[in-house]
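**Q** Quick one: structure below, then a few questions.
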Amino acid sequence: HRRYVRVLRMQEKKDLIFAAALTVQRAFRGHLGRLKYQAELQRTDTENVVAACILVQRALKGHIGRAMATEQRSARNSDLFAQARLGNVRTVEDILAGLIVGDEVYE
């Protein structure tokens with residue numbers, strides 16, 4: 001009878017140790033799962049920020065490009081009208097044909 005009780009207690013002790021090991025494993029695996037989930041959230045947040053930055057950059061580049069084109073167009077038109085007032089027909093034709101581009105300004 002004593003031997004039977006001792007065997008039962010040893011089996012109970014083994015079961016408790018096994019249950020404790022399972023509890024530790026479960027807690028550790030849950031922690032690893034949360035770490036993986038948090039890393040995934042951080043990655044998607046970073047991707048969203050980068051995508052938003054790209055959209056803003058694209059909008060600003062378009063705005064700056066349109067502003068530069070408008071500025072060049074107005075400079076070309078003012079040069080065109082100045083040359084027309086001076087009576088330089090050849091220069092006016094060159095400007096209208098697009099042969100004079102950029103910073104070239106006739107006097």
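**Q** Please list, by residue number, everything in segment 12-37 whose backbone N is under 17 Å from a paramagnetic label point 7 Å out along Cα→Cβ of D45.
**A** 34-37
**Q** In nm, what is the difference between 0.36 nm times the number of residues separating D15 and M68 and their Cα-Cα distance? All intermediate terms of the calculation are to be shown ahead of the outcome.
**A** Numbers: separation 53, 0.36 × 53 = 19.08 nm, distance 7.86 nm.
Stretched out fully, the D15 to M68 stretch lengthens by 11.2 nm.
**Q** So, with a 1.4 angstrom probe, what is the percent of accessible area on the chain that is carbon and sulfur? Kindly include the intermediate steps, with their values, before the conclusion.
**A** On the way: 5980 of 9790 Å².
Ligands and nucleic acids excluded, carbon and sulfur give 61 percent.
**Q** Please calculate how many Å² of accessible area the chain carries per residue, with a 1.4 Å probe and no DNA, RNA or ligand atoms counted.
**A** It amounts to 92 Å² per residue over the chain.
**Q** ³J(HN,Hα) across segment 70-87 via Karplus (A = 6.51, B = -1.76, C = 1.60, θ = phi - 60°), whole Hz, x for Gly/Pro?
**A** My calculation for segment 70-87 gives 5, 5, 5, 5, 5, 5, 5, 5, 5, 5, 4, 5, 5, 5, 5, 5, 6, x Hz in order.
**Q** Hey, what number do you get for the chain at 222 nm if only DSSP H runs of n ≥ 4 count, each worth -39500 (n - 2.57), divided across all residues, to the nearest 500?
**A** Values: 2 runs with 94 residues, N = 107.
Helix-only estimate at 222 nm: -33000 deg cm²/dmol.
**Q** Which three lengths, in whole Å and largest first, does the chain cover when its Cα atoms are put on their principal axes?
**A** For the chain, the Cα extents along the three principal axes come out at 128, 16, 16 Å.
**Q** Can you compute 3J(HN,Hα) from phi for each residue in segment 44-58, using the Karplus curve 6.51 cos²θ - 1.76 cosθ + 1.60 with θ = phi - 60°, rounded to whole Hz and x for Gly and Pro?
**A** These are the phi-based 3J(HN,Hα) values: 5, 4, 4, 4, 5, 5, 5, 5, 5, 4, 5, 4, 5, 4, 4 Hz.
**Q** Let me ask you something else. Output ³J(HN,Hα) for segment 13-22: one whole-Hz value per residue in order, computed from phi by the Karplus curve 6.51 cos²θ - 1.76 cosθ + 1.60 with θ = phi - 60°, and x for Gly and Pro.
**A** 5, 4, 4, 5, 4, 4, 5, 5, 4, 5
The values are calculated or read from the model by the stated rules, or taken from the named source; none is laboratory data. Since we're looking at a predicted model, the values are computed, not measured. Here the Cβ is made from the backbone with ideal geometry for all residues, glycine too, and neighbour counts use every protein chain on show. Heads up: the accessible areas ignore ligands, DNA and RNA and are worked out on the full protein's heavy atoms, side chains in. Shrake-Rupley method; radii C 1.70, N 1.55, O 1.52, S 1.80 Å.
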